[in-house]
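Reviewing the structure listed below.
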Amino acid sequence: MIDGNEKCIVIIGSGFAAYQLVKSIRRANQEQAIMIITAGSGDDYVKPELSHVFSKKLTAQDMVKQSGADFAAEHNITLMKNTCVDGINRTEKTVSCQGIEIAYENLVLATGAQSFLPFVDGDAANDIITLNSLEEYQQSQAKLAAAKSVLVVGAGLVGTEIAMDLAIADYKVILSDRADALLPSLLPEFVSSQLYQTMRKQGIELQLGNELSCMTRIETGIAVSFKNGHSTMVDIVLCAAGLKPNTALANDAGLVVNRGIVVDKQLSTSDPHIFAIGDCAEIEGKHLAFLQPIILSANALAKTLTGSVTEVMLPAMLVKVKTPLYPIQLSGNTTASDSRWQVELTASGMTAKAFDRDEVLMGFVVTQANMPEAFKLLRLLPKVMN
């Protein structure tokens, strides 16, 4: 067993949430023992850049800001890379890693999320590529560089960003989704339709209200067919159809799990010595897989872990849709069926405000040249979590 007398914070995972937490702890306490256990390399990179590797011509190595070893040295932590955690013993307060028992005083699960993969028939179904981590991009970058045509499955935030980036980089692109509109969980139809027109002008083929049903290997690539009978050929199928929080470790340890690992406002799980943060966590029923709530969560949890119990407070937060040919920013409730919209539309952009039944601002969307208005409107929205 690694020394259990030391009051060690053990963090499982090395993504954005884990490393933000390390930085926040170090601002409060330079000496606190911290160990990171990760199945990957532990290299530090900016994950949102994965949506723009094609137009920026970035390799996986280009994306690395700092190696895992250098990050560990700079922040005075122990890094166990390429190491899988087999289980958590809550009674003994240890985690098992390939025959080694590691003691913790407090344990943080930053296990992230994995890409959702739809069920597809055909002998090429296992050839679907995902871009949810640096490692996944590294595994697929040679194939992607050699490809000329790509089917992107999923017209949510990440899928739409990737599809536009591929088109900017001169790939032939098809974007499909079972939903009838782009970004249906974020945008009202009148904004989504503007983005739709921009994507079509870019040459992107949009298969909305349609689902991929079969992928078959052929000599020249992959033959794909859809549930409406449409079929075509592409070099690559890339899926960005949403995320599933990685909850297996928590579930096996007997922690309360819903869609994500259930935590309270202190990010504490059903075990007072185990916390969860980032894409794997469900905070008071909310799954907030964006950078700003993760940063605020890391700041609060660092205080709790260093002796000053702190609850996460989340203000209204801005979501940036990084589609450079039609850039969008939004916040609040932008898809409620009973909202009243006030829309100002000019040749250079749109400002759309959503009001509730009491005429209180509940959300907004700004596009193109109107985006600077977002910060003024953001201050008028209610907090996400008090």
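The values are calculated or read from the model by the stated rules, or taken from the named source; none is laboratory data. Every value quoted in this text rests on a predicted model; they were computed, and no experiment measured them. Glycine also receives a Cβ, built like all others from the backbone with ideal geometry; neighbour counts cover every protein chain displayed. Accessible surface is based on the protein model in full, side chains and every heavy atom, while ligands, DNA and RNA are left aside. Shrake-Rupley method; radii C 1.70, N 1.55, O 1.52, S 1.80 Å.
Working from label points 7 Å from Cα in the Cα-to-Cβ sense, the residue 148 to residue 376 distance is 4.9 nm. Of the GluC sites (Glu not before Pro) found in segment 64-130, the ones in coil according to DSSP and having at most 14 other Cβ atoms within 10 Å of their Cβ are 92. Once neighbouring chains are kept in place and the probe is 1.4 Å, which whole percent of the accessible area of segment 98-151 is contributed by carbon and sulfur? Carbon and sulfur: 48 percent of the exposed surface of segment 98-151.
Under 8 Å for C-alpha pairs, at least 6 residues apart: give me the relative contact order for the chain, rounded to a whole percent. Each step should come with its number before you reach the end.
Values: 836 pairs, mean separation 58.1, N = 386.
After rounding, I find 15 percent.
So, for the chain, what is the accessible surface per residue at a probe of 1.4 Å, expressed in square angstrom?
Working: 17740 Å² over 386 residues.
It amounts to 46 Å² per residue over the chain.
Give the shape of segment 1-107 as rounded, prolate or oblate, defined through the alpha-carbon gyration tensor: a ≥ b ≥ c are the square roots of its eigenvalues, a/c under 1.5 means rounded, and otherwise the shape is prolate if a/b is larger than b/c and oblate if not. Write out the running numbers ahead of the final one.
Values: a/c = 2.65, a/b = 1.78, b/c = 1.49.
Because a/c hits 1.5 or more and a/b exceeds b/c, segment 1-107 counts as prolate.
DSSP finds beta bridges in segment 1-145, and of those with both partners inside it, around 45 percent are antiparallel.
Of the trypsin sites (Lys or Arg not before Pro) found in segment 111-209, those in coil by DSSP whose Cβ has at most 14 other Cβ atoms within 10 Å are 148. Here's how it looks for residue 243: its modeled amide H is under 5 Å from those of 116, which are all 5 or more places away or on a different chain.
Helical content alone sets the calculated 222 nm signal of the chain at -6500 deg cm²/dmol, taking -39,500 (n - 2.57) per DSSP H segment of four or more residues and averaging over every residue.
Would you please put 227-234, 271-278 in order of how densely packed they are, using the mean number of other Cβ atoms within 10 angstrom per residue and starting with the highest? Provide the component values of the computation, followed by the final result.
On the way: 227-234: 13.6, 271-278: 22.1.
The packing order, highest mean first, is 271-278, 227-234.
So if we plug the beta-carbon distance of residue 219 and residue 340 into 1/(1 + (r/R0)^6) with R0 = 51 Å, what FRET efficiency do we get, rounded to 0.05?
Details: r = 56 Å, r/R0 = 1.09.
Computed FRET efficiency for residue 219 and residue 340 comes out at 0.35.
Computed 3J(HN,Hα) for segment 196-204, one whole-Hz value per residue from the Karplus formula 6.51 cos²θ - 1.76 cosθ + 1.60 where θ = phi - 60°, is 4, 5, 5, 5, 5, 4, 6, x, 7, glycine and proline marked x.
Taking amide H as placed 1.01 Å from N in the peptide plane, the amide H of residue 384 sits under 5 Å from that of 314, 316, each at least 5 places away or on another chain. Spin-label pair residue 100-residue 266: with each label point 7 Å from Cα along the Cα-Cβ axis, the two points sit 3.1 nm from one another.
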